[in-house]
Amino acid sequence: MEDSEIFQSHGYRFEIHKIKTPDNFILSAWRVPGKITESMKDIAKKPPVILQHGCLDNSATWTINYFNNSLPYLLLEEGYDVWMTNNRGNFNSYEHTNPKDYSVFDYSSAYWNFTFDDMAKYDLPSNIDYILDYTNKDKVTYIGHSQGTMQFFAGNCLQNVARKIEAFVGLGPVMYVNHMESPIATLAVTLKLDMIFKFFGLNNILLWPKIVNVSLKDLVVRIRRTIWRLIQLICGVGAEINIDLDRMPVMGRREPGGSSLNNMIHWIQLMKTDKFQMMDYGADNMQVYGQPAPPEYNTEIMKDNLKDLDMLLIRGSTDSLVTETDFRKLLDHLKDKIGKSLKYEVVENYSHLDYIWAKDSMELINKPVIDFLKQRKESN
C-alpha cells in the first residue's frame, strides 16, 4: 500500500506539495490536513505541525509503525494539520529547477554537493515559510527526529527561525556526535569509507530506485531479525527489540531515504572534531568562507533565538547516536531554560529509531509529546 493510500484508507485527505528553495532545489512535503469529510473551513482553523525526518531518512518514516500507533495519527486526532517534510536528496525529494546541471541521476553533478548546512540555511526556512503562507498562520509546531533537530539548531544559529515556531519537540536530538557509540559508524570512520566512496565517484548514499526497495521487502521477510540486529549496530543495541519485526517488510519498502556523500562526510567531521561547525572544504575553505578553517555555528545566537521557545527533548538511554555525554553538551547551551521553557526526558532501553518505530512508542513517546503540547496550550 502506498503512503497516500494508508491515510486515505483511514478516511484522511492526502496532498503532496512542492517547495522551491532559494538555491533552486525542489522539496516535497506530504500534507494530511484532516478527514475527507471535514470542510475546508474547518481545516483552515487547524494549527499546522511539521514532522521532519532524520539523516538518510524520508517522510515515510512516520508511516512505518502501525497507523493507530503512529505520531501523525495521534496529531490528526488532536486536530492538527500535519505536514511531513522532506530534505533535499532523498527519494521523495530529489528535484531541481535546473535538472541538466543538477541531475540526481548523475553522481558527479552539482546536485550532490549539499550537506546539512544547506538544510539549515535553505530547506528548514523554506518549508516553514511555505507552510505558514499556505495555511495563513503565524506559527507552526516543529517535531524533528535526529538530523531534523540538528538542522533546526543550526538554522537558529543563522537566523531567528524560532520566532515562527509555536513549540519544538526533539526526538533523539543531535548537535554533537564526538562520543557516538555506533560500532558501524565508528568502523566506517576507521576504514575511511567516505574516501573510498569519493574515489569511486559515489556521491550519494543509499539512494536507489524504489524497485530496489520492493526487492528489499522480500529479502527482509526472510531475515528480518538479522537485518534489525545490523541496524541496531548503527542506532543502538538494547536489552530488547522494541519494534514489531512484522513491520520490517514495510521498513524495507520505505527505507532508507538516501542523502549525499558530502552530508555523511560532514557528520564524520563532527565525530572527529567535537565541534558544531560548518562543512570543512579543505583548500576551498578560503573561497567558501573567506577563512582557512570552517566556522563553528554561533550557539550564542541560537541560545538567544530559543530563549522563549517551549521545547521538549527526548533521548533514549541506548541511543548510540545521542550519547549521554553529547546530549549533556547540547543541554549546556540551553541550561537557562531547563525547568522553565525546556523539558527533557530519557526513555530507558530506547535507541535511535525506537522513538518512531517502537511498539510502545504510543505510550512512551507520542502521548508525552501530545501532553506537552496540550500543557503549553493551557498555560498560554
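Since every read-out is calculated from the coordinates, none of them should be taken as a lab result. What you see is a predicted model, and the numbers here were worked out from it, not measured in a lab. Note: ideal-geometry Cβ built from the backbone for every residue, glycine included; neighbour counts use all protein chains shown.
Results, tabulated for the structure shown:
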{"read-out": "Stretchable slack from ASN98 to SER39, in nm (0.36 nm times residue separation minus alpha-carbon distance)", "value": "17.4 nm"}
{"read-out": "Estimated inter-spin distance, LYS307 and LYS374, nm [label 7 Å along Cα→Cβ]", "value": "3.3 nm"}
{"read-out": "Listed residues TRP228, TYR281, PHE153: farthest to the positive end of the dipole of the chain (Cβ charges)", "value": "TRP228"}
{"read-out": "The chain - percent relative contact order, Cα under 8 Å, separation 6 or more", "value": "20 percent"}
{"read-out": "Reachable aspartates and glutamates, given that their alpha-carbon falls under 17 Å from the alpha-carbon of LYS335 and they are not under 8 places away in the same chain", "value": "GLU300, ASP304, ASP308, ASP310, GLU324, ASP326, GLU345"}
{"read-out": "Under 20 Å from the LYS139 label point (7 Å along Cα→beta-carbon), backbone N, region 44-64", "value": "44-52"}
{"read-out": "Interchain or long-range residues, amide H under 5 Å from LEU342's placed H", "value": "MET311"}
{"read-out": "Table column - 3J(HN,Hα) (Hz), region 42-58, Karplus curve with 6.51, -1.76, 1.60, x for Gly and Pro", "value": "5, 5, 5, 7, 6, x, x, 9, 9, 10, 10, 5, x, 5, 6, 10, 7"}
{"read-out": "Long-range amide H partners of ASP57 with built H, under 5 Å", "value": "GLY257, GLY258"}
{"read-out": "Nearest-20 debye value, region 3-379 charge dipole, Cβ charges on Lys, Arg, Asp, Glu", "value": "360 debye"}
{"read-out": "Entries of LYS198/LYS307; LYS18/LYS343; LYS121/LYS343; LYS100/LYS137 with Cα pairs more than 32 Å apart", "value": "LYS198/LYS307; LYS18/LYS343; LYS100/LYS137"}
